[in-house]
1. Keeping every protein chain present and rolling a 1.4 Å probe, give me the accessible area per residue for the chain in Å².
2. Using θ = phi - 60° and the Karplus curve 6.51 cos²θ - 1.76 cosθ + 1.60, what whole-Hz ³J(HN,Hα) does each residue of the stretch 85-92 get, with Gly and Pro shown as x?
3. Give a residue-ordered list of calculated ³J(HN,Hα) values for the stretch 59-75 (Karplus: 6.51 cos²θ - 1.76 cosθ + 1.60, θ = phi - 60°; whole Hz; x for Gly, Pro).
4. Using Cα pairs under 8 angstrom and six or more residues apart, how large is the relative contact order of the chain, in percent?
5. Estimate the FRET efficiency between L74 and M24 by the formula 1/(1 + (r/R0)^6), using the beta-carbon distance for r and 25 Å for R0, to the nearest 0.05.
6. Where the accessible area of the chain is counted over protein heavy atoms with a 1.4 Å probe, how much of it, in %, is carbon and sulfur?
7. What ³J(HN,Hα) values, in whole Hz, does the Karplus curve 6.51 cos²θ - 1.76 cosθ + 1.60 give for the stretch 43-57 when θ = phi - 60°, with x put for Gly and Pro?
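The values are calculated or read from the model by the stated rules, or taken from the named source; none is laboratory data. Keep in mind that this is a model prediction, so the values were computed, not measured. In this analysis, Cβ positions are derived from the backbone assuming ideal geometry, glycine residues included, and neighbour counts consider all displayed protein chains. To get the accessible areas, we keep the full protein, side chains included, count just its heavy atoms, and leave off ligands, DNA and RNA. Shrake-Rupley method; radii C 1.70, N 1.55, O 1.52, S 1.80 Å.
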Amino acid sequence: METLKHFLGVLAQPMGMLGMLGQMLFFSRFLVQWIASEKKGESTIPLSFWFLSIGGGFLLLIYAIWRKDPVITLGQVVGLFVYVRNLMLIHRQKAAQAADAT
């Protein structure tokens, strides 16, 4: 019972709500990816997946720093680097395809 009370107490704080929002954004990327894959009939990663990853990862990073949790902080920093890098690669590919089309 004490654990549940602590859990609800953390969620009632503004930073707890921010962390939960980050987790919800981060989770929603999987739903977006699943729906996009079902529509296409094959595994695919839509662009929105990466933006949701960045949004959720950034909010979780803020939460992890506030909690002074080095494990979550390091994981989110590395993840954010990967998400941004993937967007850069996607942008580069689209620019190359546009140049080839002209």
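1. Values: 7330 Å² over 102 residues.
Dividing the accessible area of the chain by its residue count gives 72 Å².
2. Result, rounded to whole Hz: 4, 4, 5, 5, 5, 5, 4, 4.
3. 5, 5, 5, 4, 4, 5, 5, 4, 6, 6, 9, x, 5, 5, 4, 4, x
4. Details: 79 pairs, mean separation 25.0, N = 102.
Taking the mean separation of contacting Cα pairs over the length of the chain, I get 25 percent.
5. Numbers: r = 22 Å, r/R0 = 0.88.
The pair L74/M24 has a calculated efficiency of 0.70.
6. The computed percentage sits at 72.
7. Those phi angles translate into 5, 8, 10, x, 4, 4, 4, 6, 5, 5, 4, 5, x, x, x Hz.
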